[in-house]
Every structure is written in structure tokens, then in C-alpha cells.
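Each remark here refers to the structure printed beneath this line.
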Amino acid sequence: MSQNETPLYTALLQHAKRNPVQFHIPGHKKGKGMDADFRNFIGENALSIDLINIAPLDDLHQPKGIIKQAQDLAAEAFGADHTFFSVQGTSGAIMTMVMTVCGPGDKIIVPRNVHKSVMSAIVFSGAVPIFINPEIDKDLGISHGITVDAVEKTLREHSDAKGLLVINPTYFGISADLQKIVEVAHSHQIPVLVDEAHGVHIHFHEDLPMSAMQAGADMAATSVHKLGGSLTGSSILNVKTGLVSANRVQAILSMLTTTSTSYILLASLDTARRQLATVGREMIDEAINLAGYIREAVNEIPYLYCVGSEILESEAAFSYDPTKLIISIKELNITGYDVEKWLREKHNIEVELSDLYNILCLITPGDTKTEADLLIAALRDLADEFKEMAAEHEKIEVLLPDTPPLALSPREAFYAETEVVPIEESVGKISAEFIMVYPPGIPIFIPGELITEDNINYIRKNIEAGLPVQGPEDPEIKHLRIIKND
């Protein structure tokens with residue numbers, strides 16, 4: 001088949017054109033049984049392909065027809081042996097990767113800055129995480145990748161590990177030397193799992209970091225919806241067989257996936273793959289150039305700094321995605337969250353992420369110079385409004401969370417007997433909860449880690465800044481759940 005074809009999407013259109021009488025779910029029956037306001041907003045076209053796994057439309061849990069054809073085309077486009085569609089987002093695909101290679105008591109090597117879905121999968125599987133500390137950028141206050149040396153050292157100490165998970169690229173677009181990391185892991189016969197949530201586009205342009213499949217990784221969970229043009233919640237899981245079994249992957253993914261799969265999401269994956277495979281390079285090239293235009297303009301604005309290739313100073317920051325605009329605002333003496341709110345209220349601009357010291361803006365093929373100029377003008381306005389505060393501030397010391405020691409496996413801690421205590425009394429106890437700032441969703445504490453005073457202070461600093469600290473049962477985060485009688 002040609003990459004210009006869309007077997008799944010085309011079959012859905014043909015099915016809708018036949019307009020069969022439906023005595024099956026969904027109960028809205030092409031919108032006729034739905035609230036009229038919502039029906040009119042969504043439109044007849046979308047509702048006509050909101051279908052279920054009836055025989056002519058194949059079944060995601062055991063694909064043999066149009067879904068299999070669509071997945072085979074995606075595998076060809078991404079250089080994989082097998083590609084599996086996910087309607088559970090990349091979180092579902094990440095959990096599948098971990099649970100494919102790990103069972104109770106098995107070791108898995110992971111960077112400490114992993115997404116919460118990795119830690120959730122570790123709890124579900126009963127695996128034991130062996131953490132590699134990522135390289136920290138103390139100027140920006142963000143984590144980068146892991147080094148080849150750190151991987152080699154950890155593999156020598158834990159040669160019985162069942163898998164190595166790598167983030168490529170990070171939320172901020174920074175990549176480690178993935179190809180060398182894969183070579184080292186494979187020399188120990190250990191499969192490499194890649195969290196590629198923020199890198200669907202990198203496979204299709206030579207000026208971007210190397211993709212997981214290009215580097216020879218065994219599995220990669222990739223968010224097509226984030227940067228590849230599909231609908232929110234749709235992702236793929238790319239697999240190379242040898243150290244992992246595609247049949248095992250399918251079985252685990254099926255366990256984690258709803259049986260009421262969304263054909264709208266599946267169709268968007270089919271068409272996004274076509275666009276990436278046929279015109280992706282040209283579209284991404286325009287996005288790279290537009291990002292460069294913004295970066296150059298921002299770096300002419302007083303007190304602002306937009307990160308460029310100068311960040312590539314180590315194996316942990318081996319390459320980067322220039323379409324991710326990391327804009328440091330700390331010299332303005334305000335937080336990234338202050339900037340996020342200010343841009344929303346003053347210029348009707350929404351950013352991808354803010355933290356204590358930065359904002360992150362994503363440039364995709366969906367952006368044009370019009371949006372770019374609006375962002376540049378808003379940031380000039382920002383710098384002008386806060387220039388007096390910037391002139392008064394002393395050098396800001398970047399506050400970073402520690403990596404707490406792991407006292408219990410996450411699964412043991414999650415299912416242990418627990419109690420709730422005031423947060424100020426939790427220091428020195430073992431956490432029974434996840435605590436993170438989302439986005440990016442990197443845990444400050446995971447179940448089983450020792451609670452430290454420094455990290456409690458870091459949590460308080462984020463709360464004071466208005467950043468979205470999540471995880472604990474207490475939404476005000478005045479109390480934490482800890483292991484009882486630890």
C-alpha cells in the first residue's frame with residue numbers, strides 16, 4: 001500500500017455514506033439522540049463516524065482488516081516492525097511498554113524525571129525502579145537526559161534488569177545520545193523502551209534529534225496528538241521485535257484499552273500518519289524556520305532568553321528540538337506562572353507550560369507568522385511592563401528538587417497500611433502518594449520515597465507561585481498520606 005492511502009479513514013467514510021440503520025451503540029445514533037446544542041457544534045460528519053467495532057470496521061483488540069492495514073502503514077512510516085494504535089493516549093502506551101517487560105520484583109532502569117505514567121506502570125507491574133539521575137540544568141532549573149556513562153555504570157551494577165527506559169526528547173525538547181545508549185543496553189541483551197511523547201515529528205526531519213526507531217530502540221510510545229496532527233488522546237506504540245514480543249505487546253495493550261474504542265481517534269491517527277509520511281518534512285521545515293525567527297526576536301528583548309543550540313554541552317544534552325521555545329523569564333523577577341497568567345489576561349495567549357523560571361511555547365505546522373508576531377509583541381510588552389522589577393532584582397538562585405531515597409518499592413508503598421499527617425510532620429516518613437507539578441508531570445515524590453525537608457520546601461514554593469501541584473488526596477496539600485509505622 002502507498003503512504004498516500006488511509007485504509008481506516010476511507011473505510012469509515014464509505015460506511016457513513018452507506019448510512020446503515022444502526023441498532024448498536026453509541027446510543028446517540030449519528031447525533032439524533034444527542035443534546036441539540038452539542039450535536040450542532042460537533043457536526044454531522046464527526047458524528048457519522050463515531051462508531052464501534054462492528055465487523056466491517058475491524059477491532060483494535062484483534063485487528064485483521066482496515067485497522068491492521070492502517071497500523072502496518074504506520075509501522076512502515078516510522079521504521080518499526082509493528083505499530084499499535086492507542087486511544088488511551090501515550091500514558092496507556094507507556095504502561096504497556098513497562099508491563100510487557102516487567103513483572104513483580106523485576107528491575108527496570110529509569111531516569112528519575114519520568115512521567116507519572118511510568119511510575120503508575122511500575123506500581124501496576126510490581127517492578128522495582130532503579131533510578132538514574134538526569135543531568136540538571138542549574139541555570140534553567142530543568143532536567144535534561146541521561147548520559148551514556150551513567151547507563152553503563154547502572155547496567156554493570158544491575159545486569160539483571162529487564163528493561164531500560166529513556167526519555168527522548170524531554171518535554172523541553174532535549175535529547176541524550178540515544179543511539180549509544182541503545183548500543184550499550186543491547187550489549188547486555190536489555191531492551192530499550194523510549195518515552196517519545198514529545199517527539200512524533202523528529203522521525204521526519206534530519207535536523208531534529210534521532211527518533212527511537214532510527215536509534216534501534218525496542219519500543220517507543222509516541223504522542224501523535226501532541227505534535228503530529230491527530231486528535232487529543234491518540235498515540236502509537238512502535239515496536240521492533242527481537243528482545244520483545246509483539247504478541248505480548250498486543251495482549252498487554254488490550255488489557256489496558258477500553259473495548260469501546262473511538263473510531264474518530266483511530267481515523268485521526270490514520271490521516272496524521274499520511275500527512276507526516278508524505279509532506280511531513282516540508283511542514284516541519286517551516287515550523288523549524290518559524291521557531292528560529294521567534295527565538296532570534298525574543299533574544300533581542302531585554303531580560304528574556306530563549307534557549308538555542310548553545311545548550312548542547314554534554315551527552316545528556318546531545319541534541320535538541322528547536323521547535324520547543326524554552327523562554328527563561330527569571331531576570332524579570334517574576335515566575336513563569338506569573339507570565340502565563342499575564343499573557344492569558346493581557347494578550348489572550350496560552351503557553352504549553354510554565355514553571356518557576358520559564359515558559360515553554362511549542363511551534364508546530366499549525367502556526368504561522370501571524371501567531372509568531374503576536375507572541376513576540378506580547379513578550380516585548382511583558383519586558384517593558386516588568387522592567388523596573390527586573391532592574392531591582394538580585395541574582396536569582398534556582399531552586400531544584402532533590403532525588404529522595406527509595407525506602408520501599410512503589411507497589412509495596414501503594415498498598416501498605418497508611419495514615420494522613422500534616423505536611424510539616426511528614427519529613428522523614430515514607431510517602432504513600434504521588435506528588436508532582438503537572439505539566440510536566442514529573443513526580444517530586446513517588447510512593448516509597450523518603451520525604452525530605454528540601455522537597456517539602458520545593459512543593460511550598462510551587463504552591464505559593466500558583467503552579468499546579470497535584471497528586472495528594474488533600475487538594476490543598478496541607479496533609480500527606482504516609483506509610484503507617486514505617
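The values are calculated or read from the model by the stated rules, or taken from the named source; none is laboratory data. Here the structure is a predicted model, which means the values were calculated and not measured. Ideal geometry is used to build each Cβ from the backbone, glycine not excepted, and the neighbour counts take in all protein chains shown. The accessibility values were calculated without ligands, DNA or RNA, using every heavy atom of the protein model including side chains. Shrake-Rupley method; radii C 1.70, N 1.55, O 1.52, S 1.80 Å.
Looking across Val420, Val398, Val427, Val437, one residue alone is touching an Asp or Glu at 6+ places or on another chain (Cβ under 8 Å) and either on the phi > 0 side of the Ramachandran plot or open to solvent by 70 Å² or more (accessible area, probe 1.4 Å) (or both). It is Val420. Does any residue of segment 55-76 turn out to be in a loop (DSSP other than H, G, I, E, B), over 23 Å from Leu256 (Cα atoms) and either in contact with a helix residue (DSSP H, G or I) (Cβ under 9 Å, 6 or more places away or on another chain) or of a type in the set (Val, Ile, Thr) (or both)? Looking through segment 55-76, none of the residues is in a loop (DSSP other than H, G, I, E, B), over 23 Å from Leu256 (Cα atoms) and either in contact with a helix residue (DSSP H, G or I) (Cβ under 9 Å, 6 or more places away or on another chain) or of a type in the set (Val, Ile, Thr) (or both). If only residues of segment 412-448 that are of a type in the set (A, V, I, L, M) and touching a His at 6+ places or on another chain (Cβ under 8 Å) are counted, the one that is farthest from Arg460 (Cα to Cα) is Val420. For segment 343-372, a tally of residues being surrounded by fewer than 20 Cβ atoms within 10 Å (Cβ to Cβ), in a helix (DSSP H, G or I) and not charged (D, E, K, R) returns 3. Of the residues making up segment 312-326, one or more are out of contact with any His (no Cβ under 8 Å at 6 or more places or on another chain) and surrounded by fewer than 18 Cβ atoms within 10 Å (Cβ to Cβ).
Here's the yes/no breakdown for (1) modelled with pLDDT under 95; (2) within 30 Å of Leu227 (Cα to Cα); (3) within 27 Å of the chain's Cα centre (by Cα); (4) open to solvent by less than 10 Å² (accessible area, probe 1.4 Å):
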{"position": "Asp381", "(1), (2), (3), (4)": "no, yes, no, no"}
{"position": "Glu385", "(1), (2), (3), (4)": "no, no, no, no"}
{"position": "Glu394", "(1), (2), (3), (4)": "yes, no, no, no"}
{"position": "Leu450", "(1), (2), (3), (4)": "no, no, yes, no"}
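Just one residue in the set Leu164, Leu140, Leu155 is open to solvent by less than 10 Å² (accessible area, probe 1.4 Å), in contact with a Phe, Trp or Tyr (Cβ under 8 Å, 6 or more places away or on another chain) and not polar (S, T, N, Q); that residue is Leu140.
Is it the case, given these coordinates, that Ile49 is open to solvent by 50 Å² or more (accessible area, probe 1.4 Å), modelled with pLDDT of 95 or more and of a type in the set (A, V, I, L, M)? In short, no. No other residue among Ser125, Ser91, Ser159 is polar (S, T, N, Q) and closer than 16 Å to Pro447 by Cα apart from Ser125. Among the residues of segment 20-44, those that are open to solvent by 30 Å² or more (accessible area, probe 1.4 Å) and touching a residue at least 24 places away in the same chain (Cβ under 8 Å) comprise His24, Ile25.
Leu12 fulfils the conditions (1) open to solvent by 30 Å² or more (accessible area, probe 1.4 Å); (2) under 30 Å from Ala246 (Cβ atoms); (3) among the aliphatic types (A, V, I, L, M) except for a single criterion, (1). The lone criterion from (1) buried (at least 16 other Cβ atoms within 10 Å of the Cβ); (2) under 29 Å from Ala277 (Cα atoms); (3) touching a residue at least 12 places away in the same chain (Cβ under 8 Å) left unmet by Lys68 is number (3).
Kindly indicate whether Ile108 is in a strand (DSSP E or B), touching a Gly at 6+ places or on another chain (Cβ under 9 Å) and either among the hydroxyl-bearing types (Ser, Thr, Tyr) or within 19 Å of Leu408 (Cα to Cα) (or both). Yes: the conditions hold for Ile108.
Residues that are under 22 Å from Ile108 (Cα atoms), touching a strand residue (DSSP E or B) at 6+ places or on another chain (Cβ under 8 Å) and without any contact (Cβ under 8 Å) to a residue 40 or more places away in the chain number at least 3 in the following helices (runs of 4 or more DSSP H) confined to segment 140-237: 178-187. Among the residues making up segment 29-54, those that are in contact with a helix residue (DSSP H, G or I) (Cβ under 7 Å, 6 or more places away or on another chain) and not in a helix (DSSP H, G or I) are Lys30, Gly31, Ile49, Asp50, Leu51. Can you spot a residue in segment 129-137 that is farther than 30 Å from Val351 by Cα, open to solvent by 10 Å² or more (accessible area, probe 1.4 Å) and outside any helix (DSSP H, G or I)? Yes, there is a match, as at least one residue in segment 129-137 is farther than 30 Å from Val351 by Cα, open to solvent by 10 Å² or more (accessible area, probe 1.4 Å) and outside any helix (DSSP H, G or I). Residues that are within 20 Å of Val298 (Cβ to Cβ) and free of Cβ contacts under 8 Å to residues at least 40 places away in the same chain do occur in segment 387-405. Taking (1) within 21 Å of Gly233 (Cα to Cα); (2) among the aromatic types (Phe, Trp, Tyr); (3) over 26 Å from the mean Cα position of the chain (by Cα) in turn, Phe84 satisfies each apart from (3).
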